[in-house]
Amino acid sequence: MPPNLTMDERLERAKAFKETFNNTKLKIHADIEAKREEAKSLDYYDLDFRDPQTISAELSAQVGFLRKLKYQYKEASAKDRYTKIIVSDEAPLITQQDNLLLGNEVNAKKLKVKEAKQRLIEEQDALRATVTKIEQDYNAAAASVAKNADLVDKIVDARLKLARLHHQFPPPRLTEAQATDKLAEQDVRMADLADQGAEAEKRVQELTEAVKLGTVKLDSQRMERREAEKRVENQIKDTRWLERVELRGDMFEIDKALFRLISMEEGSENEIQLKYLLQPWSRELGIKLVFEPVSRMLANIEIEGIDDLDLDLSEAIDAHVPKNDLGVAVAVILQLVRNALGES
């Protein structure tokens, strides 16, 4: 402030500064008004249900911001007070002693605040310990309640079982002496049952040995039966063989006279090979008769010597083989072959 100003000019400037300061809208005022308007228009469904850690971080940032605003407010307030003191003629004179007193008061207040903060921290620690202890006591009480409920259920079940036993075994019930006598009787009965079990086991062993011997005997009898069946089967084969030999002899004589049969040979146990001479072509024709091993029925007929002829005898063979008619089958085959060769 220039030193050549009068007292009235200084007062006018101080009043103008005060009005300007009062009319100036600080940022803290705008923030307070905005928060009030936001609180009025806030709805439950618009609340932000976020993570508590995120909210705590934002809260810490806002607390720091408010502390800065508090410092700015105190600074502006101090400037206002000192301005009033400077421009006022009736302001008390501030000496070094006053500054020391104010400093001592501020230090005392700071010490009280520090002690209060320390007590608050101690109270918070005690509260946390108390909460932990209360939680432990609560968990122990809950476990005790669950255990008591389980014990009550077990007691009820035991009483029900006891009531059922009382109903199942009405008075008079067994005494100790009667129970001892009954136990002795049961011991004697168990000994008898053990003897009977030993006898039964012995009989089982004897029956097992008898079964083994019977099995061996049965196996030997089965072998004897197989050998007897083989002998009977061989005898039957021999009988059928004789019949076949006689039949072959008769067929040989008949075919030799009628169809110019020149030979009849036995290829194997179930085959007969016939050879015919076809006149006037002087051509040999082979007919193989195949029989089934057991039933000795006709199974198939094979023809040899007609490879150069365009002749299919499968239909005639299939027609006569199921009937087991040897003579008719051979006669039909010879006639078809002759017709194919041009014989009338």
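Each label was represented as a point 7 Å from its Cα along the Cα-to-Cβ direction; for Asn23 and Lys212 these points are 13.1 nm apart. For segment 156-215, the extents of the C-alpha atoms along the principal axes are 63, 28, 14 Å, listed from largest to smallest. Sites listed here are chymotrypsin sites (Phe, Trp or Tyr not before Pro) in segment 265-344 whose DSSP assignment is loop and whose Cβ has at most 13 other Cβ atoms within 10 Å: Trp281.
The Kirkwood hydrodynamic radius of segment 102-172, based on inverse pair distances between different Cα atoms, is 17.7 Å.
Read-outs throughout are calculated quantities, based only on the coordinates presented, and are distinct from any laboratory measurement. Quick caveat, the model's predicted, so the values are computed rather than measured. As a convention, Cβ positions derive from the backbone with ideal geometry for all residues, glycine included, and neighbour counts pool all protein chains shown.
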